[in-house]
Structures are given as structure tokens and as C-alpha cells.
Amino acid sequence: MKVLKFGGSSVADGGHIRNVVDIIEGESRRGRVAVVLSAMKGVTDMLVAAARAAEQGADTVKATIETVRAKHVEAVRFLFAATDQAAALTPLAVMCNEVEEILHGVELIRECSARTMDLVMSFGERLSCRLASDYMRRRGMEVALVDARELIVTDDHFGAAGVHFARSYELIARRLGAVKGTAVIPGFIGATEKGVTTTLGRNGSDYTGSLIGAGAGAEVIEIWTDVDGVLSADPRIVPDAFVIPEITAEEAMELSYFGAKVIHPYSMVPAVERDIPLLIKNSLNPSAPGTRIAAAARLRRDTTLPITGIASIDGISIVNIEGGGMMGIPGFAARIFAALAREGINIIMISQASSEHTICLVFRTSEGERALAALNRELALELETRRIERFELLRNLLVVSVIGENMHGTPGMAGRLFSALGRAGINILVIAQGSSERNISFVIREADHVLALRTIHGEFLAAHAPGARTGADVSAAARGR
């Protein structure tokens, strides 16, 4: 069996849905297929906005739900003949009416709990799956619409529910094993043991695809999106960026964590644990080969590539903590991390000198002031007694990560990287590297973003790009000439 997961951009409107069904129909002729669909692009955001408006008693709720309804009506009119439209519209209208009733209840009590929000958000995927499955039947395909809430069992951590894997895999294998034809399954949602609707958090539909594949013992899980595969860098910044044919799961996780448009790291876990490869494909360009993500032993790796890719996160700040009073004091770093954790601040990178005289913390700029306030409260005594000299907050920064399995055990990689950046006149503020040698991350000024990425790509990957240019051309491009 193959699992095909299509994201919101792939089912954005009637034309896109038709393209998706063309792909599904072609694959179903070659073997068994299970399909996971996201909500139509923008629908989940509209449902959340409607729920928040209802909670506040705003008068925009009905208009927002009407926009959701109209989006699906427009798709039906595109996909179905006039004589078939009423039958296709009826179940969609019932669901839109249901969500309106739920939001009316929210308006009355002026509260939208996390549990209610999950139920409201679930309608996006349920609507798109009903629409797509009815269209597939109209085209003569054998289809079973399977509710993910009957397959994926979770806890009651609404908004980002934890999956009960063993029970879910048992249900997936049993239910899909009995399906004749193509199973169509809404992504993003599950249910508790008591049947209460939950959602799986960010990139939940990708996670659903991975769970379905793992439970069904799929041969491959295909993630269909709007890009040709995993790119060596952001093509908006690096014009020479190219699709990477194969990468390891660990490389994909590193790239996605540091901002590359791949797949959320947690979403890959079920597939990785069951040794099922993933394939990133473009629903708008289905003939493109895409990127295969799998365990290293399954890949025919290009050992000539010095690195695999480059990713970056902008909107970064750092706090430097300096002071001789930190040296040799057990638990000092733990106090810092605990204070930030209590404020819900995520630390992206940490760097500490071996002298223990300084600690550098890297996090998003939006959390900078809260981080500084939390540290001032926690370490007030140390500041007063001069055990800590000062806190320094630097803004308008960027984290760049250079990632690749081939860096492991290769002498001179860090030297080559920082020499290239030095020649380009780029100053490095913070450096971090894991013992796996798979990732070198560093912090620079946001103003150096374009130059840094183009310089690194030119140094390590330009010679491997399709239609590779000369070294002089690459150098000129890096500086934007």
C-alpha cells in the first residue's frame, strides 16, 4: 500500500482538487492506496478566526462561515455537472450548519475552550474529504471515506494531542485492511478513547499520513505539496538552489527544524520508527521525481556532496550573560533554563565558554523582552552582588544552519565554512555544533542573510547544481553583482 498525503495548497480549489484526484486515480490503478487530505487552503485559519470572534461576541462569525461555505460551493460547481451538484452540496451544507450551531453556543457563553476549538477546526479536513471523496465516486472510483477519529486514538491534550500508538496502529491495520478501493482519511484529527475530537497540532496532517503509513505497513508515504522536493536552500534567496534527490531522515529533521520547507520533524517519527521511506512530491508538477527521505542504509547517497543543504531562521535575538560568579557553581545554568521555561520561552541554541564566564542564549526576538525580565527576576541577587556583571540583549539576528551527513568525520569542514564567510566580510556572533557533526549552526546579523546563504551555497554546492557555473560566476552571484 501507498499512503498519499495532500496539503492545503494541493486542495486549494476545484482545479487543484481535480489535479489531486488525477494523481490518486493513476496511483490506484497500480496498487492499493490510502489518501490523507488537509483542509482547503485558508479554511482552518477562517474557522479559528470565527471561533475567536464568537468568543468575543463579534458580528463577523456568520460572514466567516459563509466564506468557508462559499469556497466549497465554488469547488463543487467546478467539479460536478449541474445535475450532480445538489447531492454534493447537501452534506457540506449540513457540516457548515453544524459548525455554525457550535459557534452560536460559543457566542452565548463567551468562551471557546481548547476542546471546542479542536472540534471547530476538525471541520476543515472533514469538509475537504467529503468533497473529494464524492468527486472521486462521481468519476467512477471505488472510495471509502474513513473518519480519522475511528483510527487515531489520543489523549485529551487538546490542540496538540498525544497519540496512543499501539491502539491506533491496531485500529488502522484492522479498518484499512477491510477497505475495498481507496480510503480517504481527514488529516490533523483524532479522538480520545471516549470519542472526543482532538487535533494533532502543527503540521498535523503530515503526522496523520505518517501514522496511517506506519499502522498500515505502507511501502512508502508520499507527501504532496507545492514544491518539487527538498531544496538545497531557499530559492527566493539563492537562485541556484536545487532539489536534493535523497536525504536521510535525520537531515530532513535538521533542515525542517531550522526553517526549510520540508515536513515537521515530529511528523516523520512514525515512518522512521517503522523504516518506511517518505517521498516529497509536487502536486502541481507530478512528473518531478521529488525527494526521497529514508534511513541512510536505504539510500544511494551522493558522497561527493560536501553538505546537503542550508536553512535559516530569522527574527532572532541573543542574550549574553557574563560574570565571574558563574564559574564552578553547580546548578547555575539550570536556574537560567528553569526561569525561561517557566515563561514558556524556547531556547533555540546555547553556547557556553569552557571558562564558564559567559553563557549565550538564542531565541526568537518576540520572546526577547520576556526572557530579559525573567532573567532579571531570577538572578537579581547575583546582579546586585556583582557575581553577574550584566545581561546584553542583541536583536535583528539570524540563525544559519549548514546540514549534511557527509560532514561527519571530514576534516576541515568548519574551517572551510568560516573561511568563506570571513572572505565575504561576515561576522559570526555565536557558533554551535553537535557531536554528530551533522549540523553547524551560527548566528549572524540579519543584514548579512542573503550574502551568507549565497556564499555558503557557492562554496559547497554550486558545482553540484544542474547547469553549474564557474567559480567566478558563483563568487559574483554571492555578492549580488
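The values are calculated or read from the model by the stated rules, or taken from the named source; none is laboratory data. Just so you know, these numbers come straight off a predicted model, no measurement behind them. Neighbour counts are summed over all protein chains in view; Cβ atoms, including those assigned to glycine, are modelled from backbone coordinates with ideal geometry. Ligands, DNA and RNA are excluded from the accessible area calculation, which covers all protein heavy atoms including side chains. Shrake-Rupley method; radii C 1.70, N 1.55, O 1.52, S 1.80 Å.
What is the projected area of the convex hull of the Cα atoms of region 1-89, averaged over all directions, in nm²?
6.9
Over all alpha-carbon pairs in region 162-214, figure out the percentage whose distance exceeds 12 Å. The share of Cα pairs beyond 12 Å in region 162-214 comes to 68 percent.
Across every pair of different alpha-carbon atoms, what Kirkwood hydrodynamic radius in Å does region 347-453 reach? Result for region 347-453, one decimal place: 15.8 Å. Seen from every direction in turn and averaged, the convex hull around the alpha carbons of region 98-215 projects onto 7.6 nm².
Magnitude of the Cβ-charge dipole of the chain, K/R +1 and D/E -1, about the Cα centre, nearest 20 debye?
840
The alpha carbons of region 246-326 occupy a box of 58, 30, 30 Å along the principal axes, longest dimension given first.
Using bins of 5 Å that start at zero, the share of Cα-Cα pairs per bin across region 10-53 amounts to 5, 19, 21, 18, 14, 10, 7, 4, 2, 0, in whole %. Overall size of region 180-316 from C-alpha positions, given as principal axis extents largest first: 51, 36, 28 Å. Under 23 Å Cα-Cα from LYS261, which lysines qualify once same-chain neighbours fewer than 8 residues away are excluded? Those lysines meeting the cut-off are LYS2, LYS5, LYS41, LYS281.
Considering only protein heavy atoms and a 1.4 Å probe, what is the carbon-and-sulfur percentage of the accessible area of region 1-144? Can you show the working numbers first?
Values: 3110 of 6280 Å².
So the carbon and sulfur contribution to the accessible surface is 50 percent.
Dimensions of region 279-428 from C-alpha coordinates, computed as largest minus smallest value along each principal axis and given longest first, are 65, 37, 33 Å. Among residues other than LEU145 with Cβ under 10 Å from its Cβ, the summed charge is +1 (Lys and Arg +1, Asp and Glu -1). Using alpha carbons only, what's the Rg to Rh ratio of region 404-471 with Rh from Kirkwood? That ratio equals 0.97. The distance from the alpha carbon centre of region 41-96 to that of region 417-463 is 46 Å, rounded to a whole number. Sorting GLU222, GLU142 on solvent-accessible area from highest to lowest, probe radius 1.4 Å, gives GLU142, GLU222. Accessible area per residue for the chain is 43 Å², calculated with a 1.4 Å probe on protein heavy atoms, without ligands, DNA or RNA.
When both region 259-329 and region 146-204 are represented by their alpha-carbon centers, they are found 26 Å apart. Taking every Cα-Cα distance in region 40-148 and sorting them into 5 Å bins starting at zero, the pair-distance distribution P(r) comes out as 2, 12, 23, 22, 16, 11, 7, 4, 1, 0 percent. Estimated at the nearest 10 Å², the accessible area of ASP240 is 50 Å² with a 1.4 Å probe. Rolling a 1.4 Å probe over the protein heavy atoms leaves MET413 with an accessible area of roughly 20 Å². Restricting attention to the chain, close to 60% of DSSP beta bridges with both partner residues there are antiparallel.
Scaled to the compact-protein estimate 2.2 N^0.38 Å, what is the alpha-carbon radius of gyration of region 334-393, rounded to two decimal places?
On the way: Rg = 11.3 Å, N = 60, 2.2 N^0.38 = 10.4 Å.
Dividing the Cα radius of gyration by 2.2 N^0.38 Å gives 1.08.
Taking amide H as placed 1.01 Å from N in the peptide plane, the amide H of GLY201 sits under 5 Å from that of ALA161, each at least 5 places away or on another chain. Here the Debye sum runs over all C-alpha atoms of the chain as equal scatterers in vacuum, and log10 of I(q)/I(0) at q = 0.06, 0.10, 0.12, 0.14 Å⁻¹ comes out as -0.33, -0.88, -1.16, -1.33. Pairs of C-alpha atoms in region 84-164 farther apart than 21 Å represent 42 percent of all such pairs. Taking every DSSP beta bridge with both residues inside region 204-362, roughly what % is antiparallel (nearest 5)? Roughly 60 percent of the DSSP beta bridges within region 204-362 come out antiparallel.
Summing charges over neighbours of ARG30, with a neighbour being any other residue whose Cβ is under 12 Å away from its Cβ, gives 0 when K and R count +1 and D and E count -1.
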